[in-house]
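The values are calculated or read from the model by the stated rules, or taken from the named source; none is laboratory data. This structure is a prediction, so every number in the text was calculated from the model and none was measured. Note: ideal-geometry Cβ built from the backbone for every residue, glycine included; neighbour counts use all protein chains shown. Ligands, DNA and RNA are excluded from the accessible area calculation, which covers all protein heavy atoms including side chains. Shrake-Rupley method; radii C 1.70, N 1.55, O 1.52, S 1.80 Å.
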Amino acid sequence: MRWTDNHCHLPADLDEARAVVDEARSVGVERLVDVGTDVDSSKAAAERAAALEGVWATAGVHPHDAVTGLDGLDEVLRSPGVVAVGECGLDYHYDHSPRPAQRDAFAAQVALAHEHGLPLVIHTREAWDDTFAILDEVGVPEWTVMHCFTGGPDEAEASLGRGALLSFSGIVTFKTADDLRDAAASCPLDRLMIETDSPYLAPVPHRGRTNRPALLVHVGQGVAAAKGVSVEAVAAATWANAERFYGLAP
């Protein structure tokens, strides 16, 4: 089986990042998308993508960092190896940036995805209504994913109805995540991807430890169990979906 970790955060140190990538590749995780969360980390992700085989980058400003602004992001989005805008969106759980600043930064990045013809990677937490409202106002990019999807069947239906894909993380393996598993069960195989969001959200049986892309198979197993399909089917579908979504080399 071949796997794509469509959303992770590699170590800043290049040697450490290379070790993480090599470990992942040894267990079949052959492609990784290294995600930026502000302009500086996006630049660094682009540099790692240029240096590491099988690694691509995204460039965006996370809602936590919305107050830092988007200056310089447009330039990073033009870097080789950058395959998406994000992660960006709204996070009303922590409110590390004021909500109006979050909404402005999100809307601006949706517009950048349109301008650059790039996919959009969305982070939304406890902010579904405003997330959908901004997407409806600015327009949903052709390729959009709800990263680390945490909603239930209703939010899944609303996202899929707008043309978005759903990306499931290790949360799908957590004992209390029944609504999320119901959402995974309802999501067509050709509309889902999987991720580690490492170093966060390690899946069961590694919960509570530092997450790594090498643990992606546990996410795949969790999604397969929720959908009642084989792990091989999830691997094949998510490999093809990530390739199509990000325009990755076959």
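Just for the Cα atoms in the stretch 26-108, what are the lengths along the principal axes, largest first, rounded to whole Å?
Rounded to whole Å, the extents work out to 42, 28, 16 Å.
Can you send over the carbon and sulfur percentage of the accessible area for the stretch 1-147, probe radius 1.4 Å, protein chains only?
Of the solvent-accessible surface of the stretch 1-147, carbon and sulfur hold 47 percent.
Beyond 34 Å, what percent of the Cα pairs of the chain remain?
The answer is 8 percent, as a whole percent.
Which translational diffusion coefficient, to the nearest whole µm²/s, is obtained for the stretch 203-250 from the Stokes-Einstein equation, given a Kirkwood hydrodynamic radius over C-alpha pairs, 10 °C and 1.306 mPa s?
Result for D is 134 µm²/s.
Could you derive backbone 3J(HN,Hα) for the stretch 126-140 from the dihedral phi with the Karplus parameters 6.51, -1.76 and 1.60 (θ = phi - 60°), listing whole Hz in sequence and x where the residue is Gly or Pro?
Result, ordered by residue: 6, 8, 4, 4, 5, 4, 5, 4, 5, 4, 5, 6, 7, x, 6 Hz.
Considering amide H positions built from the backbone, and no H for Pro or chain starts, which residues 5 or more places from N211, or on another chain, come under 5 Å of its amide H?
For N211, whose amide H was placed from the backbone, the distant partners under 5 Å are Y200, A202.
Rounded to two decimals, what is the ratio between the C-alpha radius of gyration of the stretch 113-193 and 2.2 N^0.38 Å?
Normalised Cα radius of gyration, the stretch 113-193: 1.06.
Would you calculate a helix-derived [θ] at 222 nm for the chain, using -39,500 (n - 2.57) for each DSSP H run of n ≥ 4 and dividing by the full residue count, to the nearest 500?
The per-residue figure over the chain is -13000 deg cm²/dmol.
What is the Cα centroid distance between the stretch 230-250 and the stretch 154-193, reported in whole angstrom?
16 Å
Please compute the per residue accessible area over the stretch 149-202 with all protein chains in place, 1.4 Å probe, rounded to a whole number of Å².
The answer is 39 Å² per residue.
Could you report the stretch 7-126's accessible area per residue, 1.4 Å probe, as an integer in Å²?
That works out to 41 Å² for each residue.
Which distance in nm do the two modelled labels at A12 and T68 give, with both placed 7 Å along the Cα-to-Cβ direction?
Simple spin-label model gives 1.0 nm for this pair.
Could you give the radius of gyration (one decimal) and Dmax (whole number) of the Cα atoms in the stretch 124-165, in Å?
Using the Cα atoms of the stretch 124-165, the pair Rg, Dmax is 9.4, 24 Å.
So for the stretch 171-250, considering every pair of alpha-carbon atoms, how many percent are separated by more than 19 Å?
Considering the stretch 171-250, 36 percent of its Cα-Cα pairs are separated by more than 19 Å.
Taking only the alpha carbons of the stretch 116-249, what extent do you get along each of the three principal axes, in Å, biggest first?
41, 35, 28
Anyone know which of V219, V67, V29 comes out most mobile in the 10 Å Cα GNM of the chain?
So, out of V219, V67, V29, the one fluctuating most is V67.
For the stretch 17-56, compute the orientation-averaged projected area of the C-alpha convex hull (one quarter of its surface), in nm².
Over all viewing directions, the stretch 17-56 projects a mean Cα-hull area of 2.5 nm².
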